[in-house]
Amino acid sequence: MPLNSPTNSTACYVEPGHLYIVATPIGNKDDITLRALSVLKQVDLVAAEDTRHTAKLFLLHQIKNQLISYHEHNKKERMPLLISRLKSGAAIALVSNAGTPTVSDPGYYLVKTAIEKRIPVVPIPGVSAMVAALSVSGLPTNAFVFIGFLDRKKQKRMKQIERFKYEGRTVILYESPRRMLSLLQELTEVIGNRHCVLSREMTKIYEEFIRGSFSEILTALKDRPGIKGECTLLIAGGEDEPISMEAVRDEIKTALAISDISSSDLSKALAKKIGISKKIVYKEILKLKASP
């Protein structure tokens with residue numbers, strides 16, 4: 001049966017030697033397609049990010065099939081086995097713990113290798129946290145940039161943030177709830193107090209969307225005993241071109257000439273007016289005050 005079979009067909013058959021990329025729920029167990037269920041039942045093997053997690057999904061939907069682990073820490077040793085099985089004619093499905101595989105997970109390496117080996121790769125589309133959050137964000141959806149998880153090392157992470165400082169499109173990030181407060185603080189330092197949407201626990205009982213500036217969301221979260229659930233952060237696009245530092249210095253000189261306002265208050269006011277980080281403005285104020 002050809003892969004481009006009519007869309008009104010009610011049957012779903014898996015082909016030998018094909019790799020199926022199957023999207024699974026990000027929370028609500030019912031957010032899985034009929035086609036995905038059919039494929040997961042028919043393939044010879046299911047490669048899962050966490051076999052225990054996927055086993056629970058299988059139990060809910062009465063799926064009985066062989067599971068094998070494939071994740072970030074065993075991808076190199078597991079890859080040859082999976083490719084060998086595919087080359088021998090086995091149909092294999094790849095699933096992650098939630099959402100669409102290969103999006104911010106090691107499934108990318110398996111797909112890339114399969115393509116290099118001329119193994120057919122078939123998408124079984126479904127839920128994606130990125131798209132789900134974007135669809136209800138209220139931010140522009142005609143153009144966006146998906147960054148995924150930023151580096152855990154602060155120095156590298158700050159450089160990554162700096163790269164999309166002047167990105168005009170909506171920026172989408174994934175982050176652990178344990179690091180969300182520190183991430184919001186870092187974003188404010190580098191790109192200013194930008195408008196954003198924080199989505200948490202999507203499709204679950206405690207689903208939540210918090211909209212506002214970085215500082216407003218920080219205020220809303222700080223009083224909580226803890227933040228739970230995987231988080232998706234969507235950030236409004238900024239200026240397409242960097243703000244001229246010469247223009248910033250002119251603003252500072254003008255303000256200093258007509259007022260004896262403190263450096264701290266002036267940096268706060270100008271940062272809000274110009275749309276850049278308070279920290280940057282404060283440094284420029286100190287430089288100008290120190291210069292003869």
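The values are calculated or read from the model by the stated rules, or taken from the named source; none is laboratory data. These numbers come from a predicted model, not from an experiment. Virtual Cβ from ideal backbone geometry, glycine too; neighbours counted across all protein chains shown.
Would you confirm whether or not the stretch 158-174 contains a residue that is closer than 26 Å to residue 141 by Cβ, exposed (fewer than 14 other Cβ atoms within 10 Å of the Cβ) and free of Cβ contacts under 8 Å to residues at least 12 places away in the same chain? Yes; the residues of the stretch 158-174 include at least one that is closer than 26 Å to residue 141 by Cβ, exposed (fewer than 14 other Cβ atoms within 10 Å of the Cβ) and free of Cβ contacts under 8 Å to residues at least 12 places away in the same chain.
Restricting 210, 205 to those that are part of a strand (DSSP E or B), β-branched (Val, Ile, Thr), in the same structural domain as residue 223 (by TED's automatic domain parsing) and surrounded by fewer than 16 Cβ atoms within 10 Å (Cβ to Cβ) reduces the list to 210.
Could you tell me whether residue 88 is modelled with pLDDT of 95 or more and either on the phi > 0 side of the Ramachandran plot or in the same structural domain as residue 42 (by TED's automatic domain parsing) (or both)? For residue 88, the condition - modelled with pLDDT of 95 or more and either on the phi > 0 side of the Ramachandran plot or in the same structural domain as residue 42 (by TED's automatic domain parsing) (or both) - is met.
Given the structure, is residue 135 among the polar types (S, T, N, Q) and in contact (Cβ under 8 Å) with a residue 40 or more places away in the chain? So residue 135 does not fit the description; no.
Those residues that are within 19 Å of residue 282 (Cβ to Cβ) and either surrounded by fewer than 19 Cβ atoms within 10 Å (Cβ to Cβ) or over 16 Å from the mean Cα position of the chain (by Cα) (or both), I need them from the stretch 175-202; list them, please. Hits for the stretch 175-202 are 185, 186, 188, 189, 190, 191, 192, 193, 194. Within the stretch 258-269, not a single residue is of a type in the set (Ser, Thr, Tyr), modelled with pLDDT under 85 and within 27 Å of the chain's Cα centre (by Cα). Among the residues of the stretch 92-124, those that are surrounded by fewer than 21 Cβ atoms within 10 Å (Cβ to Cβ) and of a type in the set (A, V, I, L, M) comprise 103, 111, 115, 119, 121, 122.
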